[in-house]
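First up is the structure itself, then whatever we jot down about it.
The values are calculated or read from the model by the stated rules, or taken from the named source; none is laboratory data. What you see is a predicted model, and the numbers here were worked out from it, not measured in a lab. Every residue, glycine as well, gets a Cβ built from its backbone with ideal geometry; the counts of neighbours run over all protein chains shown. Each accessible area value is taken on the protein alone, full model and side chains, heavy atoms only, with ligands, DNA and RNA left out. Shrake-Rupley method; radii C 1.70, N 1.55, O 1.52, S 1.80 Å.
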Amino acid sequence: MERAGVLKVFFYHQVDTPKNMFPIHFSAIRGDDITVKSYKVESRITSRFSHTTVKSSVVNSGPNAQSIGFNVQIPKRAFITNFTMNVNGITFVGSVKEKTVARNLYAQARARGKAAGLVRANSQDMETFKTEVHVPPGSKIEFELHYQEMMQRKLGFYEHSLYLQPGRLVPQFQVDVYIYEPSGIASVETPNTLGEHFSGMAKLTSSKDKAHVVFKPSLQQQRKCENCTTSAIDGVFTVKYDVLRDSNVSDGHFVHFFAPANLSPLPKNIVFVIDVSGSMWGVKMKQTVEAMQTILDDLTMDDYFSIVDFNHNVRCWSEELVPGSTIQVAEAKKYIQNIKPNGGTNINEALMRAVQMLVKASNQGMIDPRSVSMIMLVSDGDPTVGEIKLSAIQKNLKKVMREEFSLFSLGIGFDVDYDFLERIAMENRGVAQRIYTSHDASDQIRRFYSQVSSPLLRKITVQFPEDSVSDVTQNHFDKYFSGSELVVAGKVLPSDSTTLNSFTTASAVTDYLELDAALAQQQHAFTGFARQMWAYITVNQLLAERSLAPTAGQKRKITQRILTLAVEHQFVTPLTALLVESEEAKERLLADSPKDPKQGCCAATRPSLPHFSFSQIQSADVLKELQNLDSYKSNDPHFIVHLPKNNMDICFNIDSEPGHILNLVSDPGAGVVVNGQLVGSKRVGVEDKEKVNTYFGTVSVFYQPDGIRVSVSTDRIDLTDGRNNHSFTWGATADITQDRVKLSIVKDSKVMVTVDDKITVMVLLHRVWKKHPTHVDFLGLYIPNNNQYSSQAHGLIGQFGQEPEVRVFNLHQGADPLKKEATMEVKGTKLVVTRGWQKDYRRDNKRGSDVFCWFIHNSGKGFIDGHYTNYIVPRLDSFLPLPL
């Protein structure tokens with residue numbers, strides 16, 4: 001049987017874009033004319049540590065070769081531990097390696113054309129692992145993914161979530177969740193999170209220390225309606241439970257859990273620091289205000305609070321902390337309600353003012369010595385006024401924050417440097433959370449506050465008898481909040497005793513507490529759980545320490561410890577990667593752990609946005625990468641066209657002149673035209689006769705029915721309807737809707753234009769050093785495959801709305817032994833094409849990511865209709881004359 005052709009693995013988070021920007025229906029199994037024989041999920045939870053396995057068996061039952069995808073959404077805190085795949089009897093087995101080792105091996109495979117890249121993006125609660133295999137008809141594929149996670153107790157429960165979106169009816173569909181808690185299960189429930197259609201279908205059996213939940217809908221029960229052929233399974237399957245607390249010893253390791261009940265909350269002193277700069281205008285401010293109304297109502301007479309709001313200036317609602325009385329809360333809510341965002345962002349001064357307020361209250365004896373003092377920062381952007389150097393702000397804050405103060409940071413959206421907010425929170429005994437600018441942002445803020453609003457204990461220490469344990473994870477904790485849990489793990493030293501005692505001290509409302517616990521040796525639901533859980537906690541703590549390491553030497557030592565543990569315990573982390581190899585390592589796939597934007601640990605090798613059909617990219621950084629293309633000219637805009645049905649990318653350059661306007665999309669049926677005007681690079685001297693480099697300097701999107709045009713240049717963005725003109729600099733962040741045209745500007749980064757919810761264009765800004773002798777600022781342009789054009793669409797890119805049939809054959813060595821050549825048959829023409837790499841800048845605006853493509857010579861001749869000069873138009877709002 002013919003073996004698999006193209007293999008791809010992706011690992012990404014879903015990006016934070018408006019829901020209607022790029023509608024993608026997530027499906028666990030993707031492909032046409034396929035039969036999904038089974039889809040099974042099994043989770044085994046032992047003492048709050050879960051091991052989840054997702055398996056699926058698929059057959060390509062169609063008449064043609066095609067790509068079949070396997071996608072799994074997993075919790076953000078989980079570590080992938082393995083992935084295997086069997087394609088027509090060829091087994092691909094995963095192993096976690098140090099990232100540099102894995103990528104070197106992967107690069108060797110890529111050079112042979114036997115590898116694929118990975119994708120990353122962001123989401124609130126999940127990451128998505130994606131793998132794709134291109135197989136001939138009749139092929140059988142089996143996928144299997146493993147991941148592990150330590151569950152966190154929040155608001156009194158552990159919640160285990162499984163994302164079930166098979167995308168089709170499955171004859172053998174089953175979910176099993178096994179729970180084993182040696183100390184005893186206090187409660188377990190299966191809330192109906194999949195909707196009324198599946199009410200009562202999850203079956204639960206439980207005993208004192210074990211529980212089993214099974215969800216096994218029949219084929220008929222999966223249907224959306226009696227005669228429907230589509231599946232109603234689309235959502236999150238949830239199991240919630242709580243336990244009777246104790247500790248566990250297994251495989252030479254112990255895990256101790258601490259979550260005392262029936263304690264009175266400590267009084268708190270809290271300063272809310274709220275960003276009211278211009279970028280918070282609109283939905284962000286509205287939802288922050290909504291959240292603050294509820295949060296303020298939660299304060300009691302024992303609590304003290306104030307509010308600091310800031311833009312380029314800093315204001316205090318009250319210069320001193322005031323009690324949370326009904327009158328004061330009402331006044332504060334009025335103040336919040338009347339805030340009008342504008343101006344810059346002075347984070348440094350706002351935080352200094354908040355700390356001074358707590359210090360003053362403490363010095364004056366206003367603060368109860370048993371109370372908890374905290375600052376809650378809400379911001380959506382980087383500092384632009386006052387001290388703007390992030391490291392200086394971090395040092396300033398560290399210098400003034402007292403040991404008894406904590407900082408909690410909430411970063412709204414993706415303009416904010418979340419890495420910075422996380423660093424200042426962790427360094428000052430707090431935590432950070434990103435708030436996603438969706439419809440439920442106010443709920444996200446409230447949920448975060450509810451997790452930290454009821455402190456029960458301070459200064460907690462968990463101790464063990466001398467010479468009884470080693471390699472203990474963090475055992476000193478600043479605070480314990482209601483509904484949460486503290487976990488300590490370590491190694492048990494050899495001893496005749498079968499129990500391990502712990503001694504816990506903490507400061508509470510009533511007095512100093514002493515708590516004892518005994519650990520009994522147990523058998524567990526999956527082998528070595530305590531060892532894995534200890535490693536999981538240790539790796540996460542080391543990752544946090546690494547981000548705060550003050551010197552390069554300390555950072556290297558921590559990095560080495562992380563690598564040793566992650567490889568030994570097979571965790572995919574930001575420093576390791578999962579290398580998936582076929583027999584004899586002939587083919588390799590790579591997946592490594594994603595990072596949030598602006599955290600910058602790891603550069604992606606493929607774009608993380610939905611696949612776009614076209615890009616124009618021109619940068620000095622890519623010149624060396626493109627020398628392997630025979631007809632590459634550094635002065636040509638270059639294009640990537642993705643052909644999803646043919647599962648390939650096509651590249652070509654356009655040789656044109658500065659000032660020329662190229663038509664990219666001309667769709668008179670939809671009334672939309674997209675044009676780009678070229679600019680030239682700087683000339684080295686007045687006598688220079690060489691042809692200058694060309695770039696896109698202006699991109700125009702014109703919507704004829706409403707007479708609206710969006711013009712994007714390297715200097716400004718203009719929105720005009722013939723009567724009014726709205727002009728913005730690249731320093732703005734804005735969302736505007738006018739009639740059926742939506743404009744979204746991300747500061748110093750990109751512009752998105754959406755017309756009639758059907759056609760979207762993204763423009764990226766590329767800045768260069770202003771004193772460079774030749775280079776100039778330029779624009780990159782991206783147009784998605786799923787744009788809904790009319791049948792009249794044409795243009796350099798619009799013509800590919802109707803994908804042509806393409807066949808590539810006769811792969812052979814070119815004149816240059818480093819370059820592969822082939823014959824491409826398209827539109828009845830045979831072309832000589834060259835295999836090469838192109839750069840895509842949607843995720844990494846500086847370095848870009850590589851796209852493997854077939855290069856068409858002579859300005860796309862034979863691939864595009866007509867000659868490229870046919871696409872030169874007189875004005876930025878000109879449609880392409882038809883016929884071509």
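Data for the structure
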item	result
In the range 35-62, the residues that are open to solvent by 20 Å² or more (accessible area, probe 1.4 Å), in contact with a Gly (Cβ under 8 Å, 6 or more places away or on another chain) and assigned to a strand (DSSP E or B)	Val59
Some residue of the range 299-307 being buried (at least 21 other Cβ atoms within 10 Å of the Cβ), within 30 Å of Ser391 (Cβ to Cβ) and of a type in the set (Gly, Ala, Ser)	yes
Scope the range 339-361; condition assigned to a helix (DSSP H, G or I) and polar (S, T, N, Q); matching residues	Asn348, Gln356
Subset of the range 797-837 that is among the acidic types (Asp, Glu) and over 30 Å from Ser878 (Cβ atoms) - its residue that is modelled with the highest pLDDT	Glu825
Positions within the range 63-108 being at pLDDT 85 or above, surrounded by 14 or more Cβ atoms within 10 Å (Cβ to Cβ) and not in a strand (DSSP E or B), in sequence order	Ala78
Pairs where the first residue, in the range 780-796, is assigned by the TED database to the domain that holds Leu643 and more than 20 Å from Leu876 (Cβ to Cβ) and the second is among the aromatic types (Phe, Trp, Tyr) and part of a loop (DSSP other than H, G, I, E, B), C-beta under 9 Å, 6+ apart	Pro784/Phe22; Asn786/Phe22
Any hit, the range 188-211, residues being at pLDDT below 90 and of a type in the set (Asp, Glu)	yes
Single residue of Val746, Val776 found to be over 27 Å from the mean Cα position of the chain (by Cα), open to solvent by 20 Å² or more (accessible area, probe 1.4 Å) and over 15 Å from Val665 (Cα atoms)	Val776
The listed residue being more than 19 Å from the chain's Cα centre (by Cα) and either assigned to a strand (DSSP E or B) or over 19 Å from Gln451 (Cα atoms) (or both), out of Tyr147, Tyr158	Tyr158
Test set (1) among the hydrophobic types (A, V, I, L, M, F, W, C); (2) open to solvent by 30 Å² or more (accessible area, probe 1.4 Å); (3) in a strand (DSSP E or B) - Leu500 fails condition number	(2)
Residues located in the range 315-338, provided they are loosely packed, with under 13 Cβ neighbours inside 10 Å and in a loop (DSSP other than H, G, I, E, B)	Glu319, Glu320, Asn338
Pairs where the first residue, in the range 211-222, is within 22 Å of His160 (Cα to Cα) and the second is part of a helix (DSSP H, G or I) and open to solvent by less than 60 Å² (accessible area, probe 1.4 Å), C-beta under 8 Å, 6+ apart	Phe215/Phe198; Pro217/Phe198
Entirely in the range 722-819, the strands (runs of 3 or more DSSP E) that have 2 or more residues that are under 30 Å from Asn647 (Cβ atoms)	750-755, 759-766, 778-784, 806-813
Filter pass, Arg429 being open to solvent by 30 Å² or more (accessible area, probe 1.4 Å) and either in contact with a Gly (Cβ under 8 Å, 6 or more places away or on another chain) or not in a helix (DSSP H, G or I) (or both)	yes
Which listed residue, of Ser442, Ser379, Ser406, is outside the structural domain of Lys747 (by the TED database), crowded, with 18+ Cβ neighbours inside 10 Å, modelled with pLDDT of 85 or more and more than 24 Å from Asp748 (Cα to Cα)	Ser406
Which numbered condition Pro369 misses (of (1) touching a residue at least 12 places away in the same chain (Cβ under 8 Å); (2) within 26 Å of Arg458 (Cβ to Cβ); (3) in a loop (DSSP other than H, G, I, E, B); (4) of a type outside the set (A, V, I, L, M, F, W, C))	(1)
The range 717-743 - residue that is of a type in the set (Val, Ile, Thr) and under 20 Å from Thr345 (Cβ atoms) and, of those, most open to solvent (accessible area, probe 1.4 Å)	Thr729
Residue that is surrounded by the most Cβ atoms within 10 Å (Cβ to Cβ) [pool: residues in the range 409-425 that are at pLDDT below 90 and β-branched (Val, Ile, Thr)]	Ile412
